[in-house]
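Scroll down for the structure; my scribbles are underneath it.
Rule-based calculations on the coordinates, nothing more; no lab input. What you see is a predicted model, and the numbers here were worked out from it, not measured in a lab. Please note: Cβ atoms are built from the backbone with ideal geometry, for glycine as well, and neighbour counts cover all protein chains shown.
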Amino acid sequence: IPMAENELDAVLAEAEKQRWNPLELLSHVLGPQADLRRQRAIDRRIREARFHEPVTLEGFDWVFNAQTIDRRLIETLATGEFIRRGDNLVIAGQSGVGKSRIVQSVGRAACAHGYRVRYTTSAALLHDLTASLADHSIPERLRYYSNFDLLAIDEFGFDRIERAESGQAASLLYKVVDSRGPKRSTAMVTNISFEAWADYLGDAPLAMAILDRLVDGAIVLKIEGRSYRASRVQRPVPDKDLKAAKRLP
């Protein structure tokens, strides 16, 4: 958006008063417009990523599971350096320990650093790919998922949804991981151990091939702490405490 005439006059007057050099003047004239374009680009990348929740690492409870969550490592991931290197990321742990928030927060930070990100659940990914088999558009969909700097696949191993969605789950997941190659980062968030992947996917060779491509040289976070959600569930108040409360004035 061009600077309004009255705004430009004010900037020029301030430049004369403060004796700005040409670079300082240029910064004050173009800086706000550059900042606006930069923020719009970030917002566009965030919309493209399709995160399920508007979460960041700000306000994350690092104390609750301090023994199992490495704050320094996660904040380093949020710089996007691992994406620049093309490293994969695997976050494993039981439900409720903050895996989804971490991967979405890291993905949102990556958008701010200029990376193109796509977030999805494994069930949604496989549903999309299974549909593409029917209309023969699987090559186009694989190209779509391979173009992002970071593809974050959440909820792998969640109630066997993937197997219910597609009998070709293992094959389709392998195609996605393989199409991204060694230069694009893939983040996998899973509720099950690596040893259980073969049984879960129902195809041991393909499960091993997926693991080989994902885990080799990857950053692996194993979170074995308590559930944040379970801790927020209010405990029932004993009857005797309720009766005592009713007697209070």
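Let me see the pair-distance distribution of segment 78-210: every alpha carbon pair, 5 Å bin width, integer percents in order.
Taking all Cα pairs of segment 78-210, the binned fractions are 2, 11, 21, 23, 21, 15, 6, 1 percent.
Given the Cα-Cα distance of Q39 and D212 and 0.36 nm per residue of separation, how much length would full extension add, in nm? Write down the numbers at each step before the final one.
Values: separation 173, 0.36 × 173 = 62.28 nm, distance 3.78 nm.
In short, 58.5 nm is gained.
State the percent of C-alpha pairs, over all pairs in segment 48-120, separated by a distance greater than 15 angstrom.
When every Cα pair of segment 48-120 is considered, 53 percent fall beyond 15 Å.
Sticking to Cα atoms, compute the Rg of segment 96-136 to one decimal and its Dmax as the biggest Cα-Cα distance, whole number, in Å.
Computed over the Cα atoms of segment 96-136, radius of gyration and Dmax are 13.8, 39 Å.
Please list 3J(HN,Hα) in residue order for segment 140-154, calculated via the Karplus relation 6.51 cos²θ - 1.76 cosθ + 1.60 where θ = phi - 60°; whole Hz, with x for glycine and proline.
Coupling constants for segment 140-154: 5, 5, 5, 5, 4, 6, 7, 7, 7, 5, 9, 10, 9, 10, 9 Hz.
Would you mind giving the three semi-axes, in whole Å and largest first, of the ellipsoid equivalent to segment 1-124 according to its Cα gyration tensor? Present the calculation step by step, with values, prior to reporting the outcome.
Details: eigenvalues 328, 55, 33 Å².
Gyration-tensor ellipsoid for segment 1-124: 41, 17, 13 Å.
Skipping prolines and chain starts, which residues have an amide H placed within reach, meaning under 5 Å, of the one on A152, given they are 5 or more residues away or on another chain?
Correct list: R118, Y119, T120, A187.
Compute the length gained on full extension between H136 and A196: take 0.36 nm times their separation in residues and subtract their Cα-Cα distance, giving the result in nm to one decimal. All intermediate terms of the calculation are to be shown ahead of the outcome.
On the way: separation 60, 0.36 × 60 = 21.60 nm, distance 3.13 nm.
The span from H136 to A196 would gain 18.5 nm if fully extended.
So for the pair R84, A4, with labels modelled 7 Å out along Cα→Cβ, what separation do we get in nm?
So the two model labels end up 3.9 nm from each other.
Please report the relative contact order for segment 72-120, taking Cα pairs under 8 Å with a sequence separation of at least 6, and give it as a percent rounded to a whole number. Could you put the intermediate results ahead of the total?
Values: 26 pairs, mean separation 21.8, N = 49.
About 45 percent, as a whole number.
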